[in-house]
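Here's the structure we're looking at; comments come further down.
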Amino acid sequence: MKYNPVEAMKPNLYKYVFPYDEIPKIKFNNIQLPMDIPESIWITDTTFRDGQQSMTSMNTEQMVKIYDYLHELDNGSGIIKQTEFFLYSQKDRNAAEQCMSRGYDFPEITSWIRANKDDFNIVKSMGIKETGILMSCSDYHIFNKLNKTRQEAMKMYLDIAYASLENGIVPRCHFEDITRADFYGFVVPLAKNLMDMMNDSKINVKIRACDTLGLGVSHVGVELPRSVPAIIHGLRYYGNVPSSSIEWHGHNDYYGAVTNSTTSWLYGGASVNTTMFGIGERVGNTPLEAMIIEYGQIKGNTAEMNLELINEIEKFFEKDLDYAIPPKTPFVGKEFNVTKAGIHADGLLKDEEIYNSFDTRRILGKPPLVAINSYSGISSIAYWINSYFNLCGNEKIHKGDNRLIPVKNKIDSEYDSGRTTNISSEEMEKLAKLYIFNNYQNERAI
Ligand SMILES: CC(C)C(=O)C(=O)O
């Protein structure tokens, strides 16, 4: 071991930042670091590992289906670069094998293993080229969970990385709890030792910066260990880690998962790790679909990615995995672009762009809608139907159309009898089919 950790007699738990009996603090130092976006940035996925742990486990068929979806969503762009599988159980191995047999270039299949010889043998025998390995970095973990000194922990991690390289497998070193770790005392020497191993072995070594409790902060001028800019900048300049080997893994405990992941891109980490719809531990991981939108904003386009497919993936999660996506979730929730304020509805009716920031109909297959409630007039109802059914040109229903009258009457009668909730999309669809398109059999529309 060339670079030793700064040994500590007792754990450095950064109590002035994380007092525990109070909310964590953000300490400012006003140090400005340079942004440096890598030429190539990408997204990786951990839906099958960190994501799946948080919900009823998926069966093999469901995992293969999601893998197919990730591939179709990526659509040859290579932006959704990798996804990772547990290999502990036969079910996990079957799923990984079936996904590998698809032969797709993207997402590449990687694994996550316990640090023992047998697990390396499984990775190798399955022909998987990269594996995630846990390397917890904070003294919360080293002292209080592993019951080791920093020196002992470092040695254990380097031995594991060495075993991976000996097996010809790229180690992806998961620096767990990096946002509470002693950066210069442990993270930097560990990174430098690993980079030496990479240079000696000529096999890539990756570092995943895991914001395990979502404590990372994206603002400029914040002290370590919480500063995302300082962590990414520091890994590159003090740890000698190339951008292409740095990945951010975020959790959303403080609502920062998306911004922190983007910040990691901005300061030089090429990769961000995500799950579909942000499923994951506690409040979840960084949502994959959000990072696609972030990617598009930074790079100016989303290459060949097929964003409309997200709709289908949503339906699959809801129907087959019994996972309810909260309706107000940006870009994917049923109501993310449904305007409820009467004054906004009025704006939408005049010009969609007034209250919709991009063409969600074309790009996500989700037209902006107005909520239908007791305040909705005939024109809102007409707008809703036109938008929902994507009616254009001559097909468009105009507010003078008599077929709208029974729809309006039905809605009014709901509120006359004491209803307080909005009319749902399902109810509106039935009403429109019954009174406008006249092809619905069931007379009881609501
Ligand atoms: C277990 C670790 C690697 C992790 O996923 C996290 O820190 O969130």
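The values are calculated or read from the model by the stated rules, or taken from the named source; none is laboratory data. These numbers come from a predicted model, not from an experiment. So basically every Cβ, Gly included, is an ideal-geometry build from the backbone, and we count neighbours across all protein chains shown. For accessibility, only protein heavy atoms count, side chains too; no ligands or nucleic acids. Shrake-Rupley method; radii C 1.70, N 1.55, O 1.52, S 1.80 Å.
Details
- Odd one out for I292 among (1) of a type outside the set (K, R); (2) more than 16 Å from the ligand (Cβ to nearest atom); (3) within 18 Å of I178 (Cα to Cα); (4) within 16 Å of the chain's Cα centre (by Cα): (3)
- A single entry from E281, E314 fulfils the requirement of being modelled with pLDDT under 95, of a type outside the set (K, R) and either within 16 Å of the ligand (Cβ to nearest atom) or open to solvent by less than 20 Å² (accessible area, probe 1.4 Å) (or both): E281.
- Number of positions in the stretch 105-121 that are away from the ligand (no atom under 16 Å from the Cβ) and either in contact with a Lys or Arg (Cβ under 7 Å, 6 or more places away or on another chain) or not assigned by TED's automatic domain parsing to the domain that holds K155 (or both): 3
- Set V258, V272, V220: member being assigned to a strand (DSSP E or B) and either under 27 Å from L307 (Cβ atoms) or open to solvent by 30 Å² or more (accessible area, probe 1.4 Å) (or both): V272
- T286 being assigned by TED's automatic domain parsing to the domain that holds H174, open to solvent by less than 10 Å² (accessible area, probe 1.4 Å) and either of a type outside the set (G, A, S) or within 16 Å of the ligand (Cβ to nearest atom) (or both): yes
- Residue in the stretch 26-73 that is most open to solvent (accessible area, probe 1.4 Å), counting only those that are aliphatic (A, V, I, L, M) and part of a loop (DSSP other than H, G, I, E, B): M35
- All of Y255, Y237, Y267 fail the test of being in the same structural domain as E294 (by TED's automatic domain parsing) and in contact with a helix residue (DSSP H, G or I) (Cβ under 6 Å, 6 or more places away or on another chain), apart from Y267.
- Residue under evaluation A209, criteria (1) within 16 Å of the ligand (Cβ to nearest atom); (2) part of a loop (DSSP other than H, G, I, E, B); (3) under 22 Å from T274 (Cβ atoms), criterion not met: (2)
- Search result, residues across the stretch 103-128 that are farther than 17 Å from T46 by Cα, not aliphatic (A, V, I, L, M) and not in a loop (DSSP other than H, G, I, E, B): K117, D118, D119, F120, N121, K124, S125
- Number of the condition not met by T179 [criteria: (1) among the polar types (S, T, N, Q); (2) more than 15 Å from the ligand (Cβ to nearest atom); (3) part of a helix (DSSP H, G or I)]: (2)
- Count of the stretch 393-435 residues which are under 21 Å from R362 (Cα atoms), open to solvent by 80 Å² or more (accessible area, probe 1.4 Å) and either of a type in the set (V, I, T) or not in a helix (DSSP H, G or I) (or both): 1
- Top-ranked residue in the stretch 162-202 [being in contact with a Gly (Cβ under 7 Å, 6 or more places away or on another chain) and more than 25 Å from P34 (Cβ to Cβ); ranked as surrounded by the fewest Cβ atoms within 10 Å (Cβ to Cβ)]: H174
- Test for K155: is it surrounded by fewer than 21 Cβ atoms within 10 Å (Cβ to Cβ), more than 16 Å from the ligand (Cβ to nearest atom) and not in a helix (DSSP H, G or I): no
- Residue in the stretch 89-104 that is touching a Lys or Arg at 6+ places or on another chain (Cβ under 9 Å) and either open to solvent by less than 10 Å² (accessible area, probe 1.4 Å) or at pLDDT below 95 (or both) present: no
- Within the stretch 120-137, the set of residues being in contact with a strand residue (DSSP E or B) (Cβ under 8 Å, 6 or more places away or on another chain) and either open to solvent by 60 Å² or more (accessible area, probe 1.4 Å) or charged (D, E, K, R) (or both) comprises K129, E130, L134.
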